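One structure is given below, encoded as structure tokens.
Nothing in this text is a laboratory measurement; each read-out follows from the coordinates by a stated rule. Just so it is clear, the model here is predicted, and its values are computed rather than measured. Neighbour counts are summed over all protein chains in view; Cβ atoms, including those assigned to glycine, are modelled from backbone coordinates with ideal geometry.
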Amino acid sequence: MPPFALQSTKRVLNLHLKDAAARALDHGLALEEQALHGVEFAAVLARRRRP
């Protein structure tokens, strides 16, 4: 395979992986934010703060 073809293929795959990782991270952070503002998390914090 010519070097240019290999480099181009790697570039395309890396762009795809970068995009997929960014979407997954965005989604994960949004879910984490929801969890941190939820009733369950507040209850866990309250239990841990008791002496």
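Here are the numbers for this structure:
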read-out	value
Test: residue in segment 36-48 that is in contact with a helix residue (DSSP H, G or I) (Cβ under 7 Å, 6 or more places away or on another chain) and of a type outside the set (D, E, K, R)	yes
Checking residue 31 against (1) more than 12 Å from the chain's Cα centre (by Cα); (2) in a helix (DSSP H, G or I), the condition it does not meet	(1)
